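Notes to accompany the following structure.
The values are calculated or read from the model by the stated rules, or taken from the named source; none is laboratory data. All values reported here derive from a predicted model rather than from experimental measurement. Here Cβ is always computed from backbone atoms with ideal geometry, including for glycine, and neighbour counts include all displayed protein chains.
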Amino acid sequence: MHDHRGGGGHGAEHRHEAEHHHETEHHHGGEVSQTQLLTAALESLLVEKGLLSSDTIDQLVERYEKDIGPMIGARVVARAWTDPAYKQRLLSDSASALAELGIHMDNLVVVENTPAVHNAVVCTLCSCYPWAVLGLPPTWYKEPAYRSRMVIEPRAVLREFGLELDGTVEVRVWDSSAEQRYLVLPERPAGTEGMTEAELATLVSRDSMIGVARVAAPARAR
């Protein structure tokens with residue numbers, strides 16, 4: 001575990017925690033895995049035969065990346081917001097808490113945002129990501145600029161995502177690895193006290209569970 005504290009603006013502190021012993025199946029740099037090659041070949045064949053269009057494939061990927069995949073994590077967040085006992089189990093033993101919802105993932109650590117602490121997730125060596133709860137990783141998560149800058153200047157990166165944090169808020173940056181992934185439990189927005197768990201889940205975005213955005217309050221509460 002590495003504990004780095006440095007300036008992120010206004011005397012901010014950030015924490016970079018990691019134990020990187022990535023398995024050989026994780027490829028870095030310009031290497032392409034066998035699975036990626038087979039996927040690209042299959043896509044090309046389907047397009048060539050007229051069975052699928054490139055636009056259709058792009059739309060399906062985008063839908064899974066932004067909607068279907070993240071909704072699994074959103075269910076977890078909504079349950080934690082509405083059930084304090086479940087939230088404590090999620091923070092202390094995520095594998096058991098996730099299993100209660102039919103999600104099987106034993107290498108996930110859930111970190112909670114509070115008014116005093118804001119968490120964000122990165123993978124500095126490649127693109128380790130909690131697929132089981134967030135679906136496909138966004139393109140920017142895999143980009144070298146995000147992977148390096150989030151650790152060095154987290155406040156600047158968050159600001160580019162439209163998230164401006166008060167100088168008194170501590171920023172903690174968690175570095176995912178093959179052995180350990182992270183999910184941010186975002187703060188519940190004001191004005192949602194009367195909402196059901198299902199309604200709350202619709203508010204939770206993928207980016208809020210990575211830590212680069214807040215959960216927006218519903219329109220009626222603004």
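A few comments on the model shown:
A quick yes/no check of all residues on (1) among the acidic types (Asp, Glu); (2) touching a residue at least 40 places away in the same chain (Cβ under 8 Å); (3) touching a helix residue (DSSP H, G or I) at 6+ places or on another chain (Cβ under 8 Å); (4) closer than 18 Å to Leu91 by Cα:
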{"residue": "Ser148", "(1), (2), (3), (4)": "no, no, no, no"}
{"residue": "Leu165", "(1), (2), (3), (4)": "no, yes, yes, no"}
{"residue": "Arg181", "(1), (2), (3), (4)": "no, yes, no, yes"}
{"residue": "Val184", "(1), (2), (3), (4)": "no, yes, yes, yes"}
{"residue": "Gly191", "(1), (2), (3), (4)": "no, no, yes, no"}
{"residue": "Ala213", "(1), (2), (3), (4)": "no, yes, yes, no"}
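- Any hit, the stretch 120-133, residues being touching a strand residue (DSSP E or B) at 6+ places or on another chain (Cβ under 7 Å), modelled with pLDDT of 95 or more, within 22 Å of Arg75 (Cβ to Cβ) and outside any helix (DSSP H, G or I): yes
- Qualifying residue in the stretch 88-109 (condition: part of a strand (DSSP E or B) and either surrounded by fewer than 17 Cβ atoms within 10 Å (Cβ to Cβ) or of a type in the set (S, T, N, Q) (or both)): yes
- The set of residues from the stretch 134-149 being surrounded by 13 or more Cβ atoms within 10 Å (Cβ to Cβ), assigned to a helix (DSSP H, G or I) and hydrophobic (A, V, I, L, M, F, W, C) comprises Leu134, Trp140.
- The listed residues are Glu164, Glu197, and the only one of them that is surrounded by 14 or more Cβ atoms within 10 Å (Cβ to Cβ) and among the acidic types (Asp, Glu) turns out to be Glu197.
- Within the stretch 110-122, restricting attention to residues that are β-branched (Val, Ile, Thr) and closer than 24 Å to Thr139 by Cβ, the residue that is surrounded by the fewest Cβ atoms within 10 Å (Cβ to Cβ) is Val111.
- Residues of the stretch 69-94 classified as more than 22 Å from Leu136 (Cβ to Cβ) and either in contact with a strand residue (DSSP E or B) (Cβ under 6 Å, 6 or more places away or on another chain) or not β-branched (Val, Ile, Thr) (or both), total: 14
- Members of the stretch 177-213 that are in a loop (DSSP other than H, G, I, E, B) and under 22 Å from Cys123 (Cβ atoms): Ser177, Ala178, Glu179, Gln180, Pro186, Val204, Ser205, Gly211, Val212, Ala213
- Of residues in the stretch 150-161 being of a type in the set (A, V, I, L, M), surrounded by 15 or more Cβ atoms within 10 Å (Cβ to Cβ) and in contact with a helix residue (DSSP H, G or I) (Cβ under 8 Å, 6 or more places away or on another chain), the one farthest from Ser177 (Cα to Cα): Val157
- Of all residues in the stretch 124-133 being under 21 Å from Ala95 (Cα atoms) and not hydroxyl-bearing (Ser, Thr, Tyr), the one that is surrounded by the fewest Cβ atoms within 10 Å (Cβ to Cβ): Trp131
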